[in-house]
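Data block below; observations after.
All of the numbers you see were taken from the coordinates with simple rules; none came from a lab. These numbers come from a predicted model, not from an experiment. FYI the Cβ positions are ideal-geometry reconstructions off the backbone, even for glycines, and counts take in every protein chain you see.
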Amino acid sequence: MAGGAAGRWAVLGALVWGCALALQGGMLYPRDSPSRERRELGGLWSFRADFSDNRRQGFEQQWYRRPLRELGPTMDMPVPSSFNDVGQDGRLRSFVGWVWYEREVILPQRWTQDLYTRVVLRIGSAHYHALVWVNGIHVAEHEGGHLPFEADISRLVQTGPLSSCRITIAINNTLTPHTLPPGTIQYQKDTSKYPKGYFVQNTDFDFFNYAGLHRPVLLYTTPTTYIDDIAVTTDVDQGTGLVNYQIFVQGSDHFELKVRLLDEDGGVVAQGTGAQGQLQVPSAHLWWPYLMHEHPAYLYALEVRLTAQTAAGSTSDFYTLPVGIRTVAVTKRQFLINGKPFYFHGVNKHEDADIRGKGFDWPLLVKDFNLLRWLGANAFRTSHYPYAEEVMQLCDRYGIVVIDESPGVGIVLPESYDNVSLHHHLEVMEELVRRDKNHPAVVMWSVANEPTSFLEPAAYYFKTVIAHTKALDPSRPVTFVTRVDSASDLGAPYVDVICVNSYYSWYHDYGHMEVIQVQLTTQFEKWYQVYQKPIIQSEYGADTIAGFHQDPPLMFSEEYQKDLLEHYHWVLDQKRKEYVVGELIWNFADFMTDQSPMRALGNKKGIFTRQRQPKSAAFLLRDRYWKIANETMYHLSAMKSWCLGNSPFTSKSKNYFSTA
Ligand code: GCB
């Protein structure tokens, strides 16, 4: 690790198979409630990259002990954002090592003077390895760039005379063979060719390793006896929705819990008491995917009220969780949602756009969802890492189905299959399931993308990671995405759905689109013959530079992308009558990668540009997705009237039943 690894992997002890979650503590999304307050710390932070040779000057000089500005120059850094592209110094763009963020915050007296208030610092994502101090005291450490972590800082902010606190976060973006994603540092020691100490970071994935505080950092409060986690699973029995809940409480053993389930009009449809139970909802409104039913994405609200006895008397905590009632199942040929065949017609994405890199951004999020609905997409995969929690919430609300992928991308080297890596991967799956388990939109976990799953250790590795994920969440299927062929893939026996990527007539047989149909047909038939499991074409596509035109089509032109897609679609249309249950284009939008002669300012396989403008293929795909939706939707007649103008989601002037 550039600058040395200050942290060590937390190796799991005995795995708790079949049990809820092996990780200690919940990770409920912070929400305001009568007993809770949240405060986002977005905006400008002080920032410094440690350019010292060993990248450890910050630790040697203890930059966390005093305000960063007192120890040298700082720059303003927006949070959330990646630090790479906001500066004018090229060295920052490709910087590898420790960077330091700092923010001073004034806290309200009611947070600092009430000893029955718990104050928590939550970091939505710090890529990759983070150390956190508050007023110079170390409070948290986290490995992994895509999942939230927290520190209870109540005692720190409630003991001093000051109501201000200084938050310092050091982040290292170095990847090792054991991180997820993995990477390696390569030192170039030939001083006739490279300056002294020269090194580069190599990775086996195809996106830029943006780094920094990518998602909201916030402070929130709870009472000292509080609702720590809620786990909900749902089922349907002859029209009656079943909501199974389990509530975890911290801070006291003496408490009472009351739950109520509210419909979208605020009416109470079921209630219960105690830490676990089942709520029954006769004639339940089910959570349906977008374009599958006239009322997609119906969300109930599970209101939880905790009352506890403390030395100071009785205290209460309130938390409200959105709940979608739906079922998911997989047969040999079908993916079923609420017992009906579901066909994934959607996209792969990246959390990537312009100078903010992977920084979370509301306008971008809303634009992307508007584009998804314009396209008639009903699903996406979080390629190749978990996305922000706010993204998952919007998927629940809009009915966009998600294959929730871990950051297990670029698992290529033999070292990345050893026990250190395996234990870390299990822990990452725990963090992911802990965060996303209650989202109805999430219908499947993907533990990895395109590993070298033909290598001998891959069999045990994927068997273990998949079994662990299923033990954490028995209610969802599990997969990983492969590009290995069916005869050599050692992980495929353990997945529920085969997800396969292929780039016929792109990475080979350049320009020869006439081979696509035969190669793709062979691909599907071989996989089905070996496994008899439903198959998703989880990636296919072609790099396309917006505005490049060639007819007859040549590679990189908009015409080539369209034609290549159409060849794929011809086969998909045959095979979706059999066992192919989905198609996800690579990619929704162009995105940034490392520099290489293969990439012209990034990967250009988007059907939208990085600025979210359509290429010709976007219109082709839009026609196709709406046509498939028309064929596959449930409650067709009701759906027609909905699409003709009764939905808040659709434009009144557009008849979506005509794809013209
Ligand atoms: C893949 C990878 C994806 C790449 C894509 C490409 O198979 O899964 O991360 O970006 O191909 O464009 O090469």
> Which part of region 512-535 falls in the paramagnetic zone of residue 631, meaning amide N under 17 Å from the point 7 Å along Cα-to-beta-carbon?
Replying inline: 521, 535
> For the chain, what proportion of DSSP beta bridges, expressed in % and rounded to the nearest 5, is antiparallel?
Replying inline: 80
> Stretched out fully, how many nm does the piece from residue 518 to residue 390 gain, at 0.36 nm a residue minus the Cα gap?
Replying inline: 41.9 nm
> Between residue 600 and residue 464, what is the spin-label point distance in nm, taking each point 7 Å from the Cα along the Cα→C-beta axis?
Replying inline: 4.5
> Using modelled backbone amide H atoms (1.01 Å from N, in-plane), which distant-in-sequence or interchain residues come within less than 5 Å of residue 544's amide H?
Replying inline: 604, 605, 606
> Okay, helix-only estimate at 222 nm for the chain: each DSSP H run of n ≥ 4 adds -39500 (n - 2.57), divide by all residues, round to 500 deg cm²/dmol; what do you get?
Replying inline: -6000 deg cm²/dmol
> If one computes the Cα centroid of region 273-331 and of region 446-525, what distance in Å separates the two points?
Replying inline: 35
> Which far-off residues, 5 or more places away or on another chain, put their amide H under 5 Å from the one on residue 229, with H placed in the peptide plane?
Replying inline: 248
>> What number does region 250-381 give for Rg over Rh if you use C-alpha atoms and the Kirkwood radius?
In response: 1.09
> If the cut-off is 13 Å between C-alpha atoms, which aspartates and glutamates fall inside it for residue 258, apart from same-chain ones fewer than 8 positions away?
Replying inline: 303, 317
> Got a sec? Charge dipole of the chain, +1 on Cβ for Lys and Arg, -1 for Asp and Glu; which of 329, 508, 236 is way out at the positive end?
Replying inline: 236
> Using a cut-off of 22 Å between alpha-carbon atoms, which lysines can reach residue 605, once sequence neighbours fewer than 8 places away in the same chain are excluded?
Replying inline: 349, 358, 367, 562, 615
> Simple spin-label model, 7 Å along Cα-to-Cβ: residue 186 to residue 619 in nm?
Replying inline: 4.3
> Expressed in nm to one decimal, what extension gain is obtained for the pair residue 60 and residue 549 from 0.36 nm per residue of sequence separation less their Cα-Cα distance?
Replying inline: 170.4 nm
>> Filter the chain for me: DSSP H helices, axial length by Cα at least 24 angstrom, mean Kyte-Doolittle hydropathy not below -0.5. List them by residue number.
In response: 616-632
> Viscosity 0.692 mPa s, temperature 37 °C: Stokes-Einstein D of region 39-98 from its Kirkwood Cα radius, in µm² per second?
Replying inline: 260
>> Can you classify region 460-570 as rounded, prolate or oblate using the Cα gyration tensor, where a ≥ b ≥ c are the square roots of its eigenvalues, rounded means a/c under 1.5, and otherwise it's prolate if a/b beats b/c and oblate if not?
In response: prolate
> Rounded, prolate or oblate: which one fits region 145-266, using the alpha carbon gyration tensor with axes a ≥ b ≥ c (rounded when a/c is under 1.5, else prolate when a/b beats b/c, else oblate)?
Replying inline: oblate
>> Let me check the size of the chain from its C-alpha atoms; what are the radius of gyration and Dmax in Å?
In response: 25.1, 80
> For residue 574 and residue 475, FRET efficiency with R0 = 25 Å and r from the beta-carbon atoms, rounded to 0.05?
Replying inline: 0.20
> Put a dot 7 Å past each Cα toward the Cβ at residue 265 and residue 93; how far apart are the dots in nm?
Replying inline: 5.7
> For residue 320 and residue 44, FRET efficiency with R0 = 45 Å and r from the beta-carbon atoms, rounded to 0.05?
Replying inline: 0.90
> Amide H of residue 35: which non-local residues (sequence gap of 5 or more, or other chain) have their own amide H closer than 5 Å, using H built in the peptide plane?
Replying inline: 318
